[in-house]
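Data first, discussion second: the structure below is written as structure tokens.
The values are calculated or read from the model by the stated rules, or taken from the named source; none is laboratory data. What you see is a predicted model; the values in this text were computed from it and never measured. So basically every Cβ, Gly included, is an ideal-geometry build from the backbone, and we count neighbours across all protein chains shown.
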Amino acid sequence: MPQSNLGLCNQCRQRVPAEYHFPNGQVWLRKCCPTCGSTDSLVGSDAASWQARGKLWEGVPNQAAACTLHCDRCQQAHHPALLFMDVTNHCNMQCPICGFSLHGMGFDFNPPLEYFEKVFAAVAEMRPRPTVNLFGGEPTVRDDMFEIIALGRRYGVDTQITTNGLRLADEEYCRKLCELEVGLRLSFDGRSRQIYERLRNNGRVFDKKMQALANLKKYSRRKHTIIACAALGINDQHIADLIQFCHENRELVSDLGIIPLYESWEPGVFEVAQHTTAQDVEKMIAAAVPGGKVDFIPAGMSYWLLRLRPFFRDRPTSGFLFLAGVHPNCESVTFLIPGRESYVGLNQYLTKPLPKAAKEFSDLMKKLDPRLSRLDPHKPLQKLQGKLLCLATLVPWLVRTIDLHRAFGRYLLPGMVRSGWHLWQRHRTKHRTGRPAPVTYLRVAVLPFEEQHSIDSERLKSCKAGMPYEDVETGQIKIIPHCLWFPYRNALLKKITEKYGVVRTAHRDWPPARKAA
């Protein structure tokens, strides 16, 4: 068995050799443990789709050596684009499928602002500077949440929140949060009370989530991401309505992320009839979009857009590029285009399937990249030269790839003028009202948050999402890849609690004083 890839033994959790095999058209990860023997874990339900991703995207050129899965002793410097920082393990829900709460961890993690300041100070020194997503538990149950946000901004760190949304059902709280223009990743599994009764064991939260979304629509001046959990036999039949909800709220929702239900619960706590994989979720989405024509591509392929961006935009990164360069079988994405009544697949506006178009773009960029690498986008003349190179290479490809008549109408020139006019009107509306204009496309991503049984080192070496924490023995801020956080989390957070203690802060006057970044 090849020694280049490693996994965690299903029984003892030791780091052991791992390899993929593909019986009955599925994808399984086999771990060979010298103590427990061989154990297999289902990773994908469609081997052909899984293998095709590796042909589309081969990974970042000259990538670092493989991960050892030993984050506690690893000295390799990580360069994440997105950090998820635990701020509490308290939560105002008790979902049976979640192991990230006080109930599941057995101790109280609620450190003081002093701890977060130390993390933010370290993040501020990273280049490029990653975005920090406040995580939990449920971050909004902390009385000092606004102070944590302000603290991040003092250090010039873009701060977002992952939330179940219940606290936002309080209109005044939602209004204050929206005034900060903080990006939200809002958990919303669909517009049916039955989903929450089955998946969350709490149908009552449905009304609060709907009220939270109504409050956001009333007060928010920016767009947000909806994060849904999908499970076969539970809410797969509701995915079409979830996508329709995003269409009806295009001025509020820019991205939809769907996570296959990952099995992190203790035996007997929750039961499912069958395992849900990333390929299952992709099929749910394709079946839910009118007219079909939905293809997914590896999110890592946006690496080539990351290479282009400095020549066209001053800010080197964007939310769309958080996972640029990740493994082919990490996150996958597709794009939906708004129609009059619903979204349609991007393929309807292309002359070829999306994967083929993406592969052509990737091949063009491989040839162009050495020339771009010799240019400095911070120097005006070289930046202009880079733009011209990109346009000369990619515009002919765009003309061949976009179905111009479908995109702009039967008469191309009037259609292009009309589209340009609509874009100008959108810009004027946003500038005049301060409200976001409806999205021109919806990015839909399938987020395979790792279960311990499906972790493998080959994917983690290119991980772009991390969990920051303080190593209390050295005082250094370190980062563990997001999908390998679970095996380390409890022990590390307990040490932090022992060092800093637990706080219950009273809410201070709002807004807190801000310092220049």
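Brief remarks follow.
- Scanning the stretch 349-387 for residues that are of a type in the set (G, A, S) and surrounded by fewer than 13 Cβ atoms within 10 Å (Cβ to Cβ) yields a single hit, S373.
- When I297 is tested against (1) in contact with a Pro (Cβ under 8 Å, 6 or more places away or on another chain); (2) of a type in the set (V, I, T); (3) at pLDDT below 90, only condition (3) is not met.
- Evaluating Q452 against the criteria (1) farther than 18 Å from I259 by Cα; (2) surrounded by fewer than 21 Cβ atoms within 10 Å (Cβ to Cβ); (3) touching a helix residue (DSSP H, G or I) at 6+ places or on another chain (Cβ under 7 Å) leaves one unmet condition, (1).
Table: residues versus (1) surrounded by fewer than 17 Cβ atoms within 10 Å (Cβ to Cβ); (2) over 18 Å from R443 (Cβ atoms).
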| site | (1), (2) |
| --- | --- |
| A214 | yes, yes |
| I243 | no, no |
| R250 | no, no |
| V272 | yes, yes |
| A286 | yes, no |
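- Here D314 passes the criteria (1) touching a helix residue (DSSP H, G or I) at 6+ places or on another chain (Cβ under 7 Å); (2) at pLDDT below 85 except the one numbered (1).
- The residues in the stretch 216-235 that are buried (at least 19 other Cβ atoms within 10 Å of the Cβ) and under 18 Å from A273 (Cα atoms) can be counted, and the count is 6.
- Selection within the stretch 130-150 - out of contact with any His (no Cβ under 6 Å at 6 or more places or on another chain) and part of a loop (DSSP other than H, G, I, E, B): P130, G136, E138, R142, D144
- Check on E172, more than 20 Å from the chain's Cα centre (by Cα) and loosely packed, with under 15 Cβ neighbours inside 10 Å: yes
- Hits in the stretch 367-380 (condition: in a helix (DSSP H, G or I), without any contact (Cβ under 8 Å) to a residue 40 or more places away in the chain and not polar (S, T, N, Q)): K367, L368, P370, R371, P380
- Test: R200 is charged (D, E, K, R), buried (at least 18 other Cβ atoms within 10 Å of the Cβ) and at pLDDT 95 or above: no
- Some residue of the stretch 341-348 being touching a residue at least 12 places away in the same chain (Cβ under 8 Å), buried (at least 17 other Cβ atoms within 10 Å of the Cβ), outside any helix (DSSP H, G or I) and among the aromatic types (F, W, Y): yes
- Just one of (1) among the acidic types (D, E); (2) touching a Ser or Thr at 6+ places or on another chain (Cβ under 7 Å); (3) without any contact (Cβ under 8 Å) to a residue 40 or more places away in the chain fails for E271. It is (2).
- Restricting attention to the stretch 155-211, the residues that are more than 16 Å from E138 (Cα to Cα), in a helix (DSSP H, G or I) and in contact with a Ser or Thr (Cβ under 9 Å, 6 or more places away or on another chain) total 2.
- Subset of the stretch 455-492 that is in a loop (DSSP other than H, G, I, E, B) and among the charged types (D, E, K, R) - its residue that is surrounded by the fewest Cβ atoms within 10 Å (Cβ to Cβ): E473
- Exclusive hit being assigned to a helix (DSSP H, G or I) and either at pLDDT below 90 or surrounded by 17 or more Cβ atoms within 10 Å (Cβ to Cβ) (or both), set R432, R443, R410: R432
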